[in-house]
Amino acid sequence: MIARTASIANSPQQGFSLIELIVAIAIVGILTSFAVPSYRDSMRRGYIEEATALLASGRIAVEQYYLDNRTYVGVPCPVGTTHFTIFCTTTATTYSLKAEGNGTVAGFAYTLNEHDVRTTVGGWGDGNCWILRHGDSCP
């Protein structure tokens with residue numbers, strides 16, 4: 001019996017110490033603090049690309065309507081997405097398409113008019129262009 005106890009005392013340690021576990025959790029926490037915001041920005045960029053593509057294709061439809069009817073009044077407004085609502089403002093000779101964000105992109109707004117002037121309000125900044133990424137600005 002004594003020989004058996006001695007072999008257990010001399011055997012290598014099995015499992016993790018509390019310090020090792022805390023260090024591993026700290027490393028995972030640090031990596032997560034970088035990954036989660038990057039993931040959210042990536043998702044927002046995808047939603048924004050979808051909205052701006054919808055505005056660009058809506059512009060084509062609106063211009064085709066004008067060519068057929070010689071007025072922007074009565075133009076059908078493009079249907080929005082889950083994350084953006086599309087608004088149309090028209091007169092006989094002008095129009096404005098606006099995509100306003102919902103949910104995770106609330107506060108983001110993109111516009112486009114008959115002169116192909118693109119603006120961004122809120123979100124990652126204001127400007128006379130479409131700001132599609134965090135940190136971008138208009139030239």
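If you bin the C-alpha pair distances of the range 39-120 every 5 Å from 0, what whole percents do you get?
3, 16, 28, 22, 14, 9, 5, 2, 1, 0
Specify the angular offset, from 0 to 90 degrees and rounded to the nearest 10, of the alpha carbon long axis of helix 18-69 from the longest principal axis of the alpha carbons in the chain.
Helix 18-69 sits at roughly 10 degrees to that axis.
Give, rounded to the nearest 20 debye, the magnitude of the charge dipole that the range 17-122 has about its Cα centre when Lys and Arg contribute +1 at Cβ and Asp and Glu contribute -1 at Cβ.
So the dipole magnitude of the range 17-122 works out to roughly 120 debye.
Counting pairwise Cα distances across the chain, what percent come out greater than 26 angstrom?
48
I'd like the Karplus ³J(HN,Hα) series for the range 71-79: coefficients 6.51, -1.76, 1.60, θ = phi - 60°, whole numbers in Hz, and an x wherever there's a Gly or Pro.
7, 8, 5, x, 5, x, 7, x, 7
The numbers here are math on the coordinates, done by the rules we state, and not lab data. All figures in this text were calculated on a predicted structure; none of them were measured in a lab. Don't worry about glycine lacking a Cβ; one is built from the backbone with ideal geometry, like all the others, and counts go over all protein chains shown.
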